[in-house]
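Okay, so here's the structure we're looking at.
The values are calculated or read from the model by the stated rules, or taken from the named source; none is laboratory data. For clarity, every value in this text was computed on a predicted model and none was experimentally measured. All Cβ positions, even for glycine, are placed from backbone atoms using ideal geometry, and neighbour counts span all protein chains on display. Surface accessibility is based on the protein's heavy atoms, side chains included, excluding ligands, DNA and RNA. Shrake-Rupley method; radii C 1.70, N 1.55, O 1.52, S 1.80 Å.
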Amino acid sequence: MTAPAAAGPPAAPRGRPPGRASGGLLDPRQLLASLPGAVRKLHPRKMAGNPVMFVVEVGAVLTTLSSVQRPSVFAWVISAWLWLTVLFANLAEAIAEGRGKAQADTLRRTKSAVVARRLLDRVSFRSPPRPG
């Protein structure tokens, strides 16, 4: 009786050195790929779909205008903080959309690539005949 061959470590995905785990939420490639989508979402018409972030964006615009008129460190820090809040919220949404699309594509490919076996004469799915 022979012992089964020992399986080696799982193969690393392409583009990553072996033994290195993926970056998860903070994967730099995914962040950079989602950044243009996050910036596009700064348009007021798109932001109107999320009322809370729309109010934060309006506050950021007003605070920035106030900072330009009467410059102070406090006003610029608040402006930067509000803009970063809006940008990071949009970035998180863009990353979630990208992951959702990737998952849908994977499921679609799996659906077309999976081969099923059909069992014949083992289970009858027909309802029994009605009397009468």
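Looking at (1) hydrophobic (A, V, I, L, M, F, W, C); (2) in contact with a helix residue (DSSP H, G or I) (Cβ under 9 Å, 6 or more places away or on another chain); (3) assigned to a helix (DSSP H, G or I), find the lone condition where residue 32 falls short. Unmet condition: (2). If the condition is being β-branched (Val, Ile, Thr), more than 27 Å from residue 33 (Cβ to Cβ) and open to solvent by less than 70 Å² (accessible area, probe 1.4 Å), then the stretch 62-103 contributes 63, 64, 78. Quick check on residue 37: is it in contact (Cβ under 8 Å) with a residue 60 or more places away in the chain and of a type outside the set (A, V, I, L, M, F, W, C)? Here the answer is yes, as residue 37 does meet what is asked.
For the stretch 104-132, the set of residues classified as modelled with pLDDT of 75 or more, open to solvent by less than 100 Å² (accessible area, probe 1.4 Å) and not aliphatic (A, V, I, L, M) consists of 105, 106, 110, listed by residue number.
I need the full set of residues from the stretch 37-48 which are farther than 12 Å from residue 91 by Cβ and either part of a helix (DSSP H, G or I) or open to solvent by 70 Å² or more (accessible area, probe 1.4 Å) (or both), in order please.
Of the residues in the stretch 37-48, the ones farther than 12 Å from residue 91 by Cβ are 43-48.
43, 44, 45, 46, 47 - these are the residues of the stretch 37-48 that are farther than 12 Å from residue 91 by Cβ and either part of a helix (DSSP H, G or I) or open to solvent by 70 Å² or more (accessible area, probe 1.4 Å) (or both).
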